[in-house]
1. State log₁₀ I(q)/I(0) for region A:7-88 at q = 0.22, 0.26 Å⁻¹ as given by the Debye formula over alpha-carbon point scatterers of equal weight, solvent excluded.
2. Residue by residue through region A:253-263, what is 3J(HN,Hα) from phi via Karplus (6.51 cos²θ - 1.76 cosθ + 1.60, θ = phi - 60°)? Round to whole Hz and write x for glycine and proline.
3. What residues have an amide H closer than 5 Å to that of B:Leu132, excluding those fewer than 5 places away on the same chain, when H is modeled at 1.01 Å from N in the peptide plane?
4. B:Phe218 to A:Thr144: FRET efficiency via 1/(1 + (r/R0)^6), r the Cβ-Cβ distance, R0 51 Å, to the nearest 0.05?
5. Working from the pairwise distances between different alpha carbons, so that the mean of 1/r is found and then inverted, what is region B:166-213's Kirkwood radius in Å?
6. Pick out which of B:His17, B:His216, B:His61 has the largest mean-square fluctuation in a Gaussian network model of chain B, springs linking Cα atoms closer than 10 Å.
7. Could you pull out every residue, at least 5 positions away or on a different chain, whose amide H is within less than 5 Å of the one on B:Leu174? Hs are placed 1.01 Å off N in the peptide plane, and Pro or chain starts have none.
8. Percentage of Cα-Cα pair distances in chain A greater than 31 Å, rounded to whole percent?
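Bear in mind that the values in this text are calculations on the coordinates, not laboratory data. Note that this is a predicted model, so its numbers are computed, not measured. A quick note on method: Cβ atoms are made from the backbone with ideal geometry, for glycine too, and the neighbour counts reach across all protein chains shown.
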Amino acid sequence: MDLDFGPAEAEFRAETRAWLHAHVPAEPLPSLETEAGFAAHREWERTLGRDRLAAVSWPEEYGGRGVTPLQWLVFEEEYYAAGAPGRVNQNGTDLLATTLFRHGTPEQLARILPPIAAGEVIWAQAWSEPGAGSDLAGLRSTATRTDGGWLLAGQKTWSSRAPFADRAFGLFRSDPEPGRHRGLTYVMFPLDAEGLTVRPIGRLDGKPAFAELFLDDVFVPDHDVIGTAGEGWKAAMSTAGNERGLTLRPPGRFMATVDRLVELWRERGDASDTAMRDRLADAWIRSQAYRLKGFETISREDDIGVEASLTKVFWSEFDVALHETALDLLGPDGELESPWLEGYVFSLAGTIYAGTNEIQRNVIAERLLGLPRGAR
Amino acid sequence: MRFVLDAEQRLFAETLHTLLTDAGTARAVRAWAAGDTKPGRAVWSALAEAGVFALAVPEAHGGAGPLPVELVCAAEQLGRHAVPGPYVETLAAAELLGRLGDVPLAGTWLPRIAGGEALVSLTLPPAVPYALDGDVADLVLAAGDSVREAAVDGGTASLDPARRMSPVVPGEPLADAAREASAAAYDLGALLCAAQQFGLGRALLDVSVAYARTRHQFGHPIGEFQAVKHQLAGVLVELEFTRPLLYGAALAYRTPDFSRDVSAAKVAASAASYAAARVALQVHGAIGYTDEYDPSLWIRKARALHGAWGSPAAHRARVVDAL
C-alpha cells in the first residue's frame, strides 16, 4: 500500500502545469451559464483541444492523450489549482463518451469523439421530462420508426447546457409494450433540428443554465442510435453511474476550492470564532477524504459500480457545505455577485441532478447494504 | 501508487476477525466489566500470538515494527469486536518507549509488550488524563515532558462498562526530555483509537442492517421503509469516506504531515462511529437501549471513544493550525 506518484505522473504534472501557466486567461471568463460566457468557454475548449488536453484520458486516436487514471487525477489537480475555467462540455467529454466507449460502434466513436476533443461540438443532456424526474423510467417522449431512422416526439426538461449547446443525447420510448425499463432507445440529435424548439429556463439565479425541449417529429438517422434500439436503459445507466462517480467532480476541484476558502478565512476570518474554524477544518478534512477516496478508487481492479452513489452523496453535500461556509465568512457581502455565490448556486443543483440524493440513498441501501426493496 | 491493502494485509485482518469472532468478545466484555479479566486476557494472548503487539515494537526489542498500516488493520478489528482492554494504550506506550532510546524502561518493557505479557496503560494530559484499566494494568506510565511510572488512585466507571478510568499519581521521572516521544505516542494512539472507532461503526452498521431486514412492523421488514434506509445509507457514506483518511494517515507516519492527517482521521472516525451508534440505537428501538442486548456494548463504546485521545474540537484545531 502506498500513495506515491511515479515519474510518469511527475512528468505529466510538470507539463500540465507549464501549459496551464501559459494558457489560463488572466481574467476569469464570464459565467458559462450566459451566452457570452458560454462562447468564451467554448473557445477555451478549443484551446485545450489544440494540445489534446480536453479529454486527456481518451485514446490518442480520438484526440486524447491516453493517460492513466492516476495521470488524469493529476491533470485535474493542476487544472483547478491553476484557476482554469469551468468545463462547458462535460456532458460530452465525460457522460456521452463513457456511454459510447461501452456501447457505441467504431463508426460512432470515430465520428462523435474527435469533435468533442477538439472543442467543436458541445453537448447537452435530455433525460428528464415533466412527468419523469427521479422516476426516469416513467418517461413518455417517443421514438417512432420511420424510413432510415426514428421520429422523436414529446417534451424534455431541465436539459443542462441546451440553450447554447450544439447537440443532445437522451432516452425515448420506442415500444410502449415491454415494460418500464425496456422499449427505451438512446439517441443523439442536433439541437437545431427541424421540429425542435428550445426554450431556455432561468435557474435559481436567473441564468439560462438549462432548457425545455419540445420535439415535434424530429428525425434521427439509425446511425445516431446508441446500442440496440429498445435497450437504451442499460446504456443510460452506465452514463448515470459515471455521472455519479469521480469524473463529474474530480478531487482537484475541491482541493482548489478549499485552498481558496483557507485564503478567504485568513482575510475575513475571526480567530476567536471557533465554530467557523471547525467548519474550515471539516472542509479540509472532507477534501482530503475525497482525494484519498479517488486514489483508492483508481487503485481497485474491479469496477466501483453502484458505489458511485456513495461518491455522489458525498461530493454533492460537501460542495454545498463548502460554499455555505464561504458565504458565511463573507457575511453581508455573501449575497453579492462573486465566484463564491456562483459556486453556491451551482452546488445547490448537485444534490438534485444525476439522481437525487434520496434516489442515491435508496440505491446504497438496497444494492450495497442489501435492504429489501419497498414502495417508493 | 496502489492505495488499497495488499493480499497479505487483507489476510491479516481476516485472520484477526475470525479469531475474535470465535472468541465471542461480548462475553469477555461483560466479564471484564464485572472485574473478571481472565477471558479478556486470553484474547490478549491470542492477539499477541497473532503478532498484534509486535507491530508497534521495534525489531531491536523483539518486535517487527513499527508497521502503521498493519496497526490500523488490527485496531479496526479490535473496534469491530469491541475487545476489552488497554490495547491502544499499550501500543502507544510501545511507540513512546521505542522513541526514548536506550533507557532501561524500554529494554525491560518493550519485549514484554511484544510478547503479550504486559498490559500497559498511560496518561498523556490533557487529552488523555486517565489511565484506561489502570487498576489491572501491569505498568502505568504518565507521559508528557518526562515519562514517569505512576500509581493509580482507584478507578471510575465509564459509560462503556469495559472501560475503567483511573486517576494517576506520577512517581519519579524515568526519562527526561520525553516531549517528542510523548507527542509521537499521542499521534499513534489517536490514529489507533480512530481505527478502533471505524471498526466499531462498521460493526454497528452491519448489526443494524441485519436487524432492519428481519424486524417486521406494519407487515413489512422495517428496512423497506425509506426513513430507515436513508439513515443506514448515510452511515455507510460516512464510513466509506473515513477509511481512506485512516490509511492515508498511516502512510504519513514519520512525515511532517502525520499529526495533521491523524487528526483528520480522528475527526472523521469520531463522527462516523457516533452516527453509526445513534442510527443503530434508533433502528433497534427499545431493545438497543437495554443493557442485556450485546450491540448496546458497541453503542456505549462509540460514545466513550468519541472524546478519547483528543476531542473532535482539539483535532480540528490541529488541522487548522497545520494549514
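1. -1.06, -1.32
2. Result, rounded to whole Hz: 5, 6, 4, 5, 5, 5, 4, 5, 5, 4, 4.
3. For B:Leu132, whose amide H was placed from the backbone, the distant partners under 5 Å are B:Leu122, B:Ser166.
4. With a Förster radius of 51 Å, E is 0.70.
5. Computed over Cα pairs of region B:166-213, the Kirkwood hydrodynamic radius comes out at 14.1 Å.
6. Of the options given, B:His216 has the highest mean-square fluctuation.
7. Placed amide hydrogens put B:Val147, B:Arg148, B:Glu149 under 5 Å from B:Leu174.
8. Working: 26162 of 70500 pairs.
Cα-Cα pairs in chain A separated by more than 31 Å: 37 percent.
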